[in-house]
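So the structure is just underneath, and the comments pick up after that.
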Amino acid sequence: MVDMIGMDRLSQVLWRERELLETLAYKLDIERMVLATGRTRWLVNVTREIEEVLEDLRATEVLRATAADEAAESVGMAPNPALAALADACDDPWRGILMDHRDTMINLAREISETSEEARGLITAGYRSARETLLAIGGTGTESYSPNGTAVVETRRSRLLDRSL
């Protein structure tokens with residue numbers, strides 16, 4: 001027989017984890033928008049907020065693991081079950097509740113991954129742009145590295161600079 005209190009506790013922890021994943025997706029979207037607009041002044045703030053959500057997620061994952069182990073024991077499963085396997089071992093309404101949590105969390109993880117990749121691309125593009133600007137202003141600089149690790153230095157070129165701007 002399913003331990004109703006244990007299953008309810010697991011469901012509550014899963015709800016909390018879902019809320020944190022939603023918040024993480026939101027914060028990552030804000031980070032991506034900050035990077036896309038070039039308003040990097042706010043980047044430190046949003047990065048700090050993302051770290052805080054990740055810290056809360058890590059703590060919640062420990063609670064989820066404990067609650068899942070208790071729920072698994074109540075249905076005769078070994079510790080550390082996959083959520084889908086635990087759901088399959090339960091009768092309705094718990095099967096449906098656990099599968100809903102699982103499906104939603106998979107979709108959120110996919111969204112978080114995609115947003116993170118977009119932000120990473122924007123950071124890389126911003127780095128390249130800043131590097132090219134600095135090289136253009138400074139004249140010479142390390143352009144890249146050869147296969148043996150030595151710096152490949154670009155020779156100084158004349159630059160036309162419109163000082164009226």
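Each reported figure results from applying straightforward, stated rules to the coordinates on display, with no laboratory input. Computed from a predicted model, the values in this text were never measured in an experiment. Virtual Cβ from ideal backbone geometry, glycine too; neighbours counted across all protein chains shown.
The set of residues in segment 1-54 that are closer than 16 Å to SER113 by Cα and among the hydrophobic types (A, V, I, L, M, F, W, C) comprises LEU20, LEU21, LEU24, ALA25, LEU28, ILE30, MET33, ILE50, VAL53, LEU54.
Taking the listed residues VAL46, VAL53, the one that is of a type in the set (A, V, I, L, M, F, W, C), under 24 Å from ASN107 (Cβ atoms) and free of Cβ contacts under 8 Å to residues at least 24 places away in the same chain is VAL46, with no other qualifying.
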